[in-house]
Amino acid sequence: MIAIAMFITGAAMLLAALRLLLGPTIEDRVLALDTLYVDALALLVLMGIALESRVYFETALVMAVLGFVATVAVAAYLRRGRIMP
């Protein structure tokens, strides 16, 4: 089941990468990039389950925090034209 979940997550990453390349607007591209990092988190968690290693879970946690901060920063830049007020 883990292998099937990894395959499906990989397919989702390919579709998000396609939207990242072909997205008609910058908002589409930002959402595709956000989806890519969430899918990468899912793959890390699945790897952690498959290999029974805690390192993957800790890496996924750090990556989730950094991805959230980056998404908020990009959204602020798109909305106001700058990141800091």
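Readers should treat all values here as calculations from the given coordinates under stated rules, not as data from a laboratory. Just so we're clear, the structure is a prediction, and the values are computed from it rather than from any experiment. We place every Cβ from the backbone using ideal geometry, glycine too, and count neighbours over all the protein chains shown.
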Checklist line | Shape of region 13-57, Cα gyration tensor, a/c cut at 1.5 | finding: prolate
Item checked: Relative contact order [Cα under 8 Å, 6+ residues apart], the chain, whole percent -> 23
Note to self: Between 0 and 90 degrees, rounded to the nearest ten: what's the tilt of helix 26-51 against the longest Cα principal axis of the chain?
What the structure shows: 20
Notebook entry, point to check: Taking +1 at the Cβ of each Lys and Arg and -1 at the Cβ of each Asp and Glu, which of Leu66, Met13, Ile2 sits farthest along the dipole of the chain towards its positive end, judged by Cα position relative to the Cα centre?
Noted result: Leu66
Checklist line | Size of electric dipole in region 2-80: Cβ of Lys, Arg +1 and of Asp, Glu -1, about Cα centre, debye, nearest 20 | finding: 220
Next item on the list: Using only Cα atoms, find the angle between the long axis of helix 54-80 and the longest principal axis of the chain, and express it within 0 to 90 degrees, rounded to the nearest 10.
Entry: 10
Notebook entry, point to check: Can you give me the Cα centroid spacing of region 56-81 and region 1-44 in angstrom?
Noted result: 15
